[in-house]
1. For the chain, what is the mean residue ellipticity at 222 nm derived from helices alone (per DSSP H run of n ≥ 4: -39500 (n - 2.57); sum divided by total residues; nearest 500 deg cm²/dmol)?
2. Using DSSP to call loops (not H, G, I, E or B), can you name the trypsin sites (Lys or Arg not before Pro) in region 86-128 whose Cβ has at most 13 other Cβ atoms within 10 angstrom?
3. Could you work out the Kirkwood radius for region 27-77, taking every pair of different alpha carbons, averaging 1/r and inverting it, reported in Å?
4. When the chain is treated as a GNM, springs tying every alpha-carbon pair under 10 Å, which of Gln121, Gln81, Gln16 comes out with the largest mean-square fluctuation?
5. Return the sequence-ordered ³J(HN,Hα) values of region 105-112 in whole Hz as given by the Karplus equation 6.51 cos²θ - 1.76 cosθ + 1.60 applied to θ = phi - 60°, using x for Gly and Pro.
6. Rank Leu115, Phe59, Gln81 by how far each Cα sits towards the positive end of the charge dipole of region 58-116 (+1 on Lys, Arg Cβ; -1 on Asp, Glu Cβ) and give me just the farthest.
7. When the convex hull of the C-alpha atoms of the chain is computed, what volume per residue in Å³ does it have?
8. What FRET efficiency do you get for Asp87 and Trp27 if R0 is 35 Å and r is their Cβ-Cβ distance, rounded to the nearest 0.05?
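Nothing in this text is a laboratory measurement; each read-out follows from the coordinates by a stated rule. Predicted model, so just to flag it, every value in this text is computed and none were measured. Positions of Cβ are generated from backbone atoms using ideal geometry, with glycine treated the same way; all protein chains shown enter the neighbour counts.
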Amino acid sequence: MTTVIDIDHELSPPTQFIVRRNQSLSWRGNKLFIYFMAAISFGIAGMFALQGPWLILPFAGLEILALTLGLYMCSLRGRDQEVVTIDDDLVTVEKGRKKPNEGWQFERAWLNLELVKSPLQGYPTKLLIRSKGKETEIGRCLTNDERKSLSDSLAKALHTILIHS
């Protein structure tokens with residue numbers, strides 16, 4: 001966080017935390033993988049079709065279609081992000097892909113940050129932001145350790161106490 005010092009008083013810009021999924025491969029990389037798998041699948045299917053059982057070709061096409069749809073859905077979901085903006089008086093949480101689809105505003109003075117453990121063994125924790133009856137979960141795509149690190153960083157930026165339950 002950078003601080004700009006004015007002659008009369010000190011101004012601090014809003015602090016933002018951006019949470020997004022780890023996309024190991026871009027859509028371009030996914031397309032190259034699909035082309036590679038299509039070449040292998042249609043190559044094997046073509047060899048069988050030349051020997052007589054031509055019915056294998058439509059199933060190879062269905063296999064590649066299913067792979068393409070699955071990778072597309074994963075790639076689309078991989079662009080989801082959550083943006084937590086901390087201002088002097090407000091904390092704003094926005095969720096969406098290219099633009100926010102959902103948004104919440106919380107008064108910073110009444111904000112409660114809570115890291116909730118699951119009652120079931122092996123299930124992930126939840127990081128909740130609450131204020132005056134409103135709440136939202138952030139960091140769903142993170143591992144438990146990453147969520148704990150995010151909660152510690154948020155608590156430090158907010159100068160608040162993190163509740164573990």
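1. Working: 3 runs with 61 residues, N = 165.
Theoretical 222 nm ellipticity from helices: -13000 deg cm²/dmol.
2. Values: sites: Lys95, Arg97, Lys98, Arg108, Lys117, Lys126; in loops: Arg97, Lys98, Lys117.
Answer in residue order: Arg97, Lys98, Lys117.
3. Values: mean 1/r = 0.0870 Å⁻¹.
For region 27-77, the Kirkwood estimate is 11.5 Å.
4. Highest fluctuation among the options: Gln121.
5. 10, 10, 6, 4, 5, 9, 6, 10
6. In region 58-116, that residue is Phe59.
7. Numbers: hull volume 27.6 nm³, N = 165.
Normalising the Cα hull of the chain by residue number yields 167 Å³.
8. Values: r = 34 Å, r/R0 = 0.98.
My answer for the efficiency is 0.55.
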